[in-house]
Amino acid sequence: MSGPILTAAPVGPAETAIVGGTVVTADGRSPADLAIHDGRIVAVVAPGTPLSAARTIDAHGLHILPGAIDVHSHHREPGFTHKEDIVSATSACAAGGVTTSFAMPNVQPPPNTAERLAAMIELYGTRAVVDWNINAAGTVPDEIPAMATMGIAAFKVFMVTDTGRDYPHMPGIGVHDHGKLLEIFETVGPTGIRLMVHPHDQALMDHIEHGYWARGEHDYRAYARAYAAYDGIIWDTAAALLLRLQLATGTPLHLLHTQTRGVVAQLRAARARGQDVSAELNPWAVFLGNDWANIERLGSYALSYYVPEINTEPLWEALADGTIDIVSTDHAPHTREEKEPGWADGWKAHTGTPSTQFYVPMFLDAAAAGRLSLERVVELTSSAPARIFGLADKGRIEAGAHADLALVDLDRTFEIRDVDVIGKIDWTPYAGRTVRGAITTTLVRGRVVFEDGRVTGQPGWGRQAVPDRTASHTRGER
Ligand SMILES: [Zn+2]
């Protein structure tokens, strides 16, 4: 493995130097010092090369990673700001080493028209602490071409058209009808923008749920088991449809929530056919919902979804071998009041778990345990999402790239605690676990947004992470 590409020292003084650390990229690692000016890395030099800078950050003993790019987060604004808002979500990002965060469209009103998307973009412009984008709801075909010109990196469709609940899957974001889904694939394709889909076979789910309810089973256990029924059938059949629609239309597809061995096998086959599909895993699939003891202990607080343990090894293998391209959070905060009803009725609790602040440390811990290489963690959390979603300036530590960086202490072990959660809620399902690998400092385009345990970034610093349309941003080769 090679380390970062070294350059000469900059000619003039830089704003910031980072010295003494070890730079880690998807390709390798080596000690190197960085000079940063005007938001970008201007030089990557051999350790000890004289650098003139207004501020020097001492990174001795630390590793320097490209900041995480989370393409799947629920910031809850507008509409649900009692759970989270743009400022609180992106502050948690800063603390978690996340330098770019894409917001999902299940807000109120959902950004499924150009007018609504424009309003949301304006809101983010003054509120975000880290860089951001918005995954527009691609549910109204007539609106898709106009929204495609607004700097977005993805469209999102939920296949969930939930009969019993209007939150978190409110009208306007979900499409299950296969013909309408085909129309969306046909319409998104020519824009060149990747279509993210939450795979969900609503018809099968309706039948499965009614079976549980008919037997009088409503609690968190029933809810967990319903979503995992028949070895993940609702996930597998939905993924099969989506992969077939992708094959039919050629539209770049991003498959969300990879969590069954059946979907992993389908992804391998799709890749063998040369299909343009990228796939995402969320931390709950390997750190939370895969252990029934967590579900017994935490009830709905542990759910997103139950991911039976038989899937765990196949998922880690898929993360290691590239079948799964990226890790993003599915950060989904809810209040305790919204989770508590789940003990008695899992369907009455809001689904999802917060994770922005602690997922990078959990994957650093997995690297420390030998699950994945540190370089592969960098690829999954940063370089691959940058490549797949066309963020040419991000996801790498090279002269010319945005200075979006996470400084991490791989030797520091800490306990995740509820009291340390940044955001509008005061809990994390990962509380009580000890992880090795801590974020010490986060920079977004050269500005320190987190250090010494404090978020120092300001709302409005974050900018829309607009994809580079001149580059081809297919899934690409690794
Ligand atoms: Zn989500």
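With the condition kept exactly as written, say whether any residue in the stretch 240-250 is within 16 Å of the ligand (Cβ to nearest atom), of a type in the set (V, I, T) and under 30 Å from P141 (Cα atoms). For the stretch 240-250, residues within 16 Å of the ligand (Cβ to nearest atom), of a type in the set (V, I, T) and under 30 Å from P141 (Cα atoms): absent. Under the condition of being within 19 Å of H254 (Cβ to Cβ) and either touching a Pro at 6+ places or on another chain (Cβ under 9 Å) or free of Cβ contacts under 8 Å to residues at least 12 places away in the same chain (or both), the residues counted in the stretch 124-136 number 4. For G462, the criteria (1) surrounded by fewer than 22 Cβ atoms within 10 Å (Cβ to Cβ); (2) in contact with a helix residue (DSSP H, G or I) (Cβ under 9 Å, 6 or more places away or on another chain); (3) small (G, A, S) hold in every case but one, which is (1).
Within the stretch 320-333, being more than 18 Å from V277 (Cβ to Cβ) and away from the ligand (no atom under 12 Å from the Cβ) holds for one residue alone: A320. Part of a helix (DSSP H, G or I) and not hydrophobic (A, V, I, L, M, F, W, C), is that true of N311? Yes, satisfied. Residues that are more than 20 Å from E84 (Cβ to Cβ), touching a Phe, Trp or Tyr at 6+ places or on another chain (Cβ under 9 Å) and among the acidic types (D, E) are absent from the stretch 314-324 altogether. Of all the numbered requirements in (1) away from the ligand (no atom under 16 Å from the Cβ); (2) on the phi > 0 side of the Ramachandran plot, V378 misses one, and that requirement is (2). Taking the stretch 258-268 as the range and being within 16 Å of the ligand (Cβ to nearest atom) and touching a strand residue (DSSP E or B) at 6+ places or on another chain (Cβ under 6 Å) as the test, only T258 passes. Of all residues in the stretch 269-291, those being under 16 Å from the mean Cα position of the chain (by Cα), under 18 Å from L241 (Cβ atoms) and more than 14 Å from the ligand (Cβ to nearest atom) number 2. Screening the stretch 201-246 for residues that are acidic (D, E) and touching a residue at least 12 places away in the same chain (Cβ under 8 Å) and picking the one that is nearest to G299 (Cα to Cα) gives D219. Step by step: first the residues of the stretch 236-266, then only those that are of a type in the set (S, T, Y) and part of a helix (DSSP H, G or I), then the one that is nearest to D330 (Cα to Cα). Which residue is that? By that ranking, first place goes to T237.
Of all residues in the stretch 68-78, count the ones that are within 15 Å of the ligand (Cβ to nearest atom) and of a type outside the set (D, E). Residues that pass the stated criteria total 6.
Take the residues in the stretch 66-89 that are polar (S, T, N, Q) and not in a strand (DSSP E or B), then tell me which one is surrounded by the most Cβ atoms within 10 Å (Cβ to Cβ). Applying the filter and picking the extreme gives S88.
Screening D38, D58 for residues that are free of Cβ contacts under 8 Å to residues at least 60 places away in the same chain, surrounded by fewer than 18 Cβ atoms within 10 Å (Cβ to Cβ), away from the ligand (no atom under 16 Å from the Cβ) and of a type in the set (D, E, K, R) leaves exactly one candidate, D58.
What is the number of the single condition among (1) modelled with pLDDT under 95; (2) over 23 Å from I326 (Cα atoms); (3) over 20 Å from the mean Cα position of the chain (by Cα) that T456 does not meet? Going through the list (1) modelled with pLDDT under 95; (2) over 23 Å from I326 (Cα atoms); (3) over 20 Å from the mean Cα position of the chain (by Cα), T456 breaks only (1).
Please identify the pairs in which a residue from the stretch 137-162 that is at positive phi has its Cβ atom under 8 Å from the Cβ atom of a residue that is among the polar types (S, T, N, Q), counting only partners at least 6 apart or on another chain. The qualifying pairs are G151/N133; G151/Q464.
Of all the criteria given as (1) farther than 24 Å from V264 by Cα; (2) surrounded by fewer than 22 Cβ atoms within 10 Å (Cβ to Cβ); (3) more than 16 Å from the ligand (Cβ to nearest atom), the one not satisfied by H350 is (3).
A residue that is more than 20 Å from D330 (Cα to Cα) and not in a helix (DSSP H, G or I) cannot be found anywhere in the stretch 287-301.
The values are calculated or read from the model by the stated rules, or taken from the named source; none is laboratory data. Keep in mind that this is a model prediction, so the values were computed, not measured. All Cβ positions, even for glycine, are placed from backbone atoms using ideal geometry, and neighbour counts span all protein chains on display.
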